[in-house]
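Colleague: Mind having a look at this structure? Questions to follow.
The values are calculated or read from the model by the stated rules, or taken from the named source; none is laboratory data. Treat the numbers as computed from the prediction; the structure is a model and nothing was measured. Glycine also receives a Cβ, built like all others from the backbone with ideal geometry; neighbour counts cover every protein chain displayed.
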Amino acid sequence: MVFKVIVSKRAQQEIENAIAYYNEINKSLAQRFYNAVETNYKKLETNPYFQNRYKEFRAIPLNKFPFLIFYHVDEDKHIIKILSCFHTSRSTKKYPE
């Protein structure tokens, strides 16, 4: 069963901020970040349960970037809600609640 990925406003803003930051450094770096995010969304659509758990959330790391994508799986509706794109240098106290 394929799950539908829905991105929260918070997560979308965090992703846009990261893209803007990487774009200032190098446009191709920003594109690679975006591609890494999209690749993880595709992975989650078909296999949402394979990553780390934190309380009632799960997290999947971005390949080659210091970010975790936090998400929640709604089994009944077959929806994955992306909650946050969290930079790993931030305090764990700021994890989504």
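Colleague: Condition first: surrounded by 13 or more Cβ atoms within 10 Å (Cβ to Cβ) and in a loop (DSSP other than H, G, I, E, B). Now tell me which residues in the range 72-87 satisfy that.
Modeller: His78
Colleague: Here is a further query. Residues of the range 48-62 being assigned to a loop (DSSP other than H, G, I, E, B) and surrounded by fewer than 12 Cβ atoms within 10 Å (Cβ to Cβ), which ones?
Modeller: Listed by number, the residues that qualify are Tyr49, Phe50, Lys55, Glu56.
Colleague: Also, I was wondering about something else. Give the number of residues within the range 39-64 that are within 15 Å of Val5 (Cα to Cα), polar (S, T, N, Q) and modelled with pLDDT under 95.
Modeller: 2
Colleague: Looking at the range 7-27, can you tell me whether even one residue there is at negative phi, surrounded by 13 or more Cβ atoms within 10 Å (Cβ to Cβ), assigned to a helix (DSSP H, G or I) and acidic (Asp, Glu)?
Modeller: Within the range 7-27, one or more residues are at negative phi, surrounded by 13 or more Cβ atoms within 10 Å (Cβ to Cβ), assigned to a helix (DSSP H, G or I) and acidic (Asp, Glu).
Colleague: Surrounded by 12 or more Cβ atoms within 10 Å (Cβ to Cβ), small (Gly, Ala, Ser), within 13 Å of the chain's Cα centre (by Cα) and at pLDDT 95 or above, is that true of Ala36?
Modeller: For Ala36, the condition - surrounded by 12 or more Cβ atoms within 10 Å (Cβ to Cβ), small (Gly, Ala, Ser), within 13 Å of the chain's Cα centre (by Cα) and at pLDDT 95 or above - is met.
Colleague: Do the conditions hold for Lys9, that is, is it among the basic types (Lys, Arg) and under 16 Å from Ile69 (Cα atoms)?
Modeller: Yes.
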